[in-house]
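A short worksheet on the structure shown next.
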């Protein structure tokens, strides 16, 4: 009372004034373009499409154009056109692929639901946040080529998550390969002589483990 | 030997002390006698204006820095020397701000009173510069030595309120108008405690001349307690009242009612932009500097050194140091306190500061009458004077703050 | 010196005359304040600096505020600004009366031979003023003090509203 | 004179012409005004500086939230709830998840419930800290308390970001659990923050709570009577500041709140100071809850294994899920017709309902008071306008 | 015409007095009437200073004293006068002098 509260307040501000010169807990400013904080691994901004192979990103997209994300996206910012033909994916199995895959990042609200609903681990959240542009119409509409980023990029931004995904994919593919091999063996047992050679070629991807790195070439 | 040294030291000191005057006389020496007076005056005016304009530039950045540091931010630190990477702790900021202000579009609302809208910042700046005329910046450095200097200061200062009103009214904006009303109410209320708080000083110094008042505060008790007015019971109370009233007169937080940004946008400045806004800003800082300068002159011993051996340092340096300290306290208070409501503000003036200032006047009379008490009886003088101030302070403060108190809270069971 | 006086006089008279003629109350008040400042300048010119500062402090600092407050508190609608019928006649009458008074005064001033004025400016220091206030004019000072107190109380009583929520303004 | 001049300018300076109150002034505060916390407008009629009439105008931020909810899948509405009260996305998520879980009869694993409580209490800290800062900013404290508040808020947001990937739009809860699990490092960081929060509150209170100016500004200003509060449906700290003991954490004991020991602070005056202090005291209780939650957090899954992400179609029915959000009772009312989208989706926004008494609180006070009263109601326009 | 400075001052004050008089007589706005009266007071003050400056002075400070007291009286007059104006405004919702015909509100 009688001004003691005011004096107390002045003491606190004086302490902070002095503290900001020597106490890093008090001066928490990070001067952005020069200094940057480390982004947390979970940080998400806009989605990107995972491709298995950096040299041929369009050929190795994990996306099979199933359009689940397009349907689930709350603000409806994804537009996909399914291919008419099938192309072999990273595992060599023939798959549909998106001929058009657009994300309007001016609409996208970074909710990550597309990532959660994707059964193929094909779409993931990016961490690029310096996306300012002078062109607000076309520059924010990202197409398939701009969205595709290699798997090792995914590893650099979300290492833990990517390792889990890769392990899971490897397990799935191994299981699939084993199943295919078992089926082939069964078939081979049934027709030992005629299709013995074909049985080995029947699962071409089985010999290649799930590519976490692009081939050395 | 030592006497010789003392002599040299004294002469060096006096040379340093009179350096500004010598420099001025040197420049105007070649002029005929009749023109020299005019030239000297012009040089004085130019020096004061340039000095305080640079101080203003410095203060803007310092204030932002202090506010920022109090708020745990680094503050503006980017602008340095252009086209280089040198940042100089952001000292180039005022320059950049100045360029920005100058090049911004000057918008005058269509319905505004064009002439008054233009005149308001000009008048404000003119009057606030006028107040510097009687402040003694150093031992011989007073631009205009007036017999009624203190009266002049407050006369010139009173006119600045008018400019605030003009700005608010001329803008033809409701926020500005409300701000103008608030400004009037606030300034009328605080003029009184401001003047009353300096009456004891004038009374005990026996002079309305600023130089005379400063010279009265020379000397030390026991060789280390300066005879500044603030070191007497009535002086301390008077200084506190003066300080609070000065905060209000210069529209500084917690009395920045007229431009309370959280309710009145920018008050009377709402419709001002560009250079006119900069003029307002400048005038406000000038007014603040002038009031602080007056506070230093009246209560803090003006250009007197705090300790005898420190007299070696020239007097104008001491004035500047005290002025900057007071300005820093202004900033510090701004960084800490929330704003008062307009009725609380006027109530504080009329029901608290004015009675206290009147009581303080009585204490000053007591002090003057007991000037010849010596020895142990002096302690009684101090006790009586102190009690006469603290008692009413507590009583009136209790009365004023009745109904507001920290509360305790209960919890649901 | 005379030129300065004439300059001050012209400025003061012009502002006062325009202030009295203007329709806009705020402009009138501000111009009158300028006029009062001109009078203060005259006091300075005449060497009465204490009076000049008192004039500025009281007229520009205080009375002007009260006037502006009154103007703002009695804001009027458009109807009030219109010239009331018959006011033209009043203006003419006022001009005639004012002109007559001016004529008499000017005639009197011009026809009077004043005693040789002292060439030296009489100096009056603040100390002297203080001494005569406390000495010869002490009674007047007390009366003025009482008058001001009564005026203050009277103004407060007059301006206080009956409404309960208006408090100590 | 002034009237004639003002009439020529835009609509915002129109004079009220009234035979009896010729000197009333109508001022439109907002939608672009520094103190209205977003695009909110207070149309105030002033007699001098005293408010004789106040009309809140809102809807400038209307985004069709409820209709969107009816046209989006249950999951798709989750990120939209973030954007209701964008300071408190975690509690919005929880309230919505609770409603859907009620609708679908979806159980939630124990660890997820604990995580929800941790996040909700962190959100409460965050919201109340912000409020204290904004309130002081509104009363003119040059930003210092606000900056201190934001310094602490930033730490909580960092926690949210490292857990959910986004500072404010967390989109964290799912029907039947939470989206990601909290790592031990995250829990350690959160615990550290909680341990240090009391010290911050102490400093903050030293700075401002005992401040005579603040007390003079807030005590006795904007008094809300308990009966008016109840009949207007006021909830949250604003209701408890009037002395009504109503906290959904105790009343509903949703989640595992019944397992936690905490107290509910109550005010006796219902004025702005009480509203501020109740929030400060609630923060201290939140710290208690957080400490207990960190102590008792069980291991286990965070997602019910039977929970469905895609093709989620709750059976026909209706449900109302409500929790004690930082601002009051935030509730979601859902009607399912068996399709993937809700048939009816309705939000009970505490900000809007608490705002309804604004005029009652402000009448007879000055403009300056209206600003801090509005600040103490604690609205977020995203939730008011939806 | 060769005028003594004192005569100039007196002419100045006469003119100011008449402006105040004309204003006070011709305007119907109470505030302006009050201001006209203030001007007349000021004109009188001018005379005091003029005679103090140029007249044969018996006592050095008399003119100054007169002006100081006159200013104090003027301040009191302004305060009471404007309070009256506000009261009139409250009663009749305008401040036209002609309408203020009743002493009782």
task = Please arrange B:41, C:132 by counting, for each residue, the other beta carbons lying within 10 Å of its beta carbon, fewest first.
result = B:41, C:132
note = Restricting to Cα pairs under 8 Å and 6 or more apart, the percent relative contact order of the stretch A:47-158 works out to 36 percent
Highest-fluctuation residue, D:168, D:283, D:238 considered, GNM on chain D with Cα pairs under 10 Å = D:168
query = For B:161, B:63, D:113, D:359, what's the fewest-to-most ordering of other Cβ within 10 Å of each Cβ?
reply = D:359, B:63, D:113, B:161
key: the stretch E:5-92: relative contact order in percent, alpha carbon pairs under 8 Å with at least 6 residues between   = 27 percent
query = Once the Cα atoms of helix A:159-190 and of chain A are each reduced to a long axis, what angle between those two axes, in degrees from 0 to 90 to the nearest 10, is obtained?
reply = 10 degrees
Pairwise FRET efficiency - residue E:99 versus residue A:18, Cβ, R0 = 60 Å, nearest 0.05 = 0.35
task = Would you give the gap between the C-alpha center of the stretch B:301-370 and the C-alpha center of the stretch E:58-98, rounded to a whole Å?
result = 34 Å
message = Tell me the mean residue ellipticity at 222 nm calculated for chain D from its helices only (DSSP H runs of n ≥ 4, each -39500 (n - 2.57), averaged over every residue, nearest 500).
response = -14500 deg cm²/dmol
note = Placing each pseudo-label 7 Å from Cα in the direction of the beta carbon, residue A:96 and residue A:39 end up separated by a distance in nanometres of 3.1 nm
message = To test your reading of the geometry: what angle, between 0 and 90 degrees and rounded to tens, separates the Cα axis of helix D:272-296 from the longest principal axis of chain D?
response = 10 degrees
key: R0 of 56 Å, Cβ-Cβ distance residue A:179-residue D:60: FRET efficiency to nearest 0.05   = 0.40
key: Candidates B:288, B:331, B:203, ranked by Gaussian network fluctuation over chain B, Cα under 10 Å, top entry   = B:203
query = Which value in deg cm²/dmol, rounded to the nearest 500, describes the helix-derived mean residue ellipticity at 222 nm for chain B, given -39,500 (n - 2.57) per DSSP H run of n ≥ 4 and division by the residue count?
reply = -22500 deg cm²/dmol
ask   = Of the residues D:158, D:271, D:82, which exhibits the maximal mean-square fluctuation in a Gaussian network model of chain D defined by a 10 Å Cα contact cut-off?
value = D:158
inquiry  = Can you tell me, using C-alpha contacts under 8 Å and at least 6 residues apart, the relative contact order of the stretch D:65-385 as a whole percent?
reply    = 28 percent
request  = Take the Cα of residue D:202, step 7 Å along the line toward its Cβ, and report every residue of the stretch D:245-284 whose backbone nitrogen sits under 18 Å from that point.
outcome  = D:280-284
request  = Could you compute the FRET efficiency for residue B:377 and residue E:90, with r as their C-beta to C-beta distance and R0 at 56 Å, rounded to 0.05?
outcome  = 0.45
query = How far apart, in nm, are two points set 7 Å out from the Cα along the Cα-to-Cβ line at residue B:358 and at residue C:24?
reply = 4.1 nm
inquiry  = How tilted is helix E:5-26 with respect to the longest principal axis of chain E? Cα atoms for both, answer in degrees (0 to 90, nearest 10).
reply    = 10 degrees
request  = Please work out the Cα center distance from the stretch A:42-61 to the stretch D:294-350, rounded to the nearest Å.
outcome  = 33 Å
request  = Give the distance, in whole Å, between the Cα centre of the stretch D:219-292 and the Cα centre of the stretch B:177-244.
outcome  = 48 Å
Residue exposure sequence - B:229, A:155 - by fewest surrounding Cβ within 10 Å = A:155, B:229
remark   = Per-residue average of other protein chain Cβ atoms inside 10 Å, peptide B:198-210 -> 1
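Coordinate-derived values only; no laboratory data. Nothing here was measured: the structure is a model prediction, and the numbers come from that model. Cβ atoms come from the backbone with ideal geometry, glycine included; neighbour counts cover every protein chain shown.
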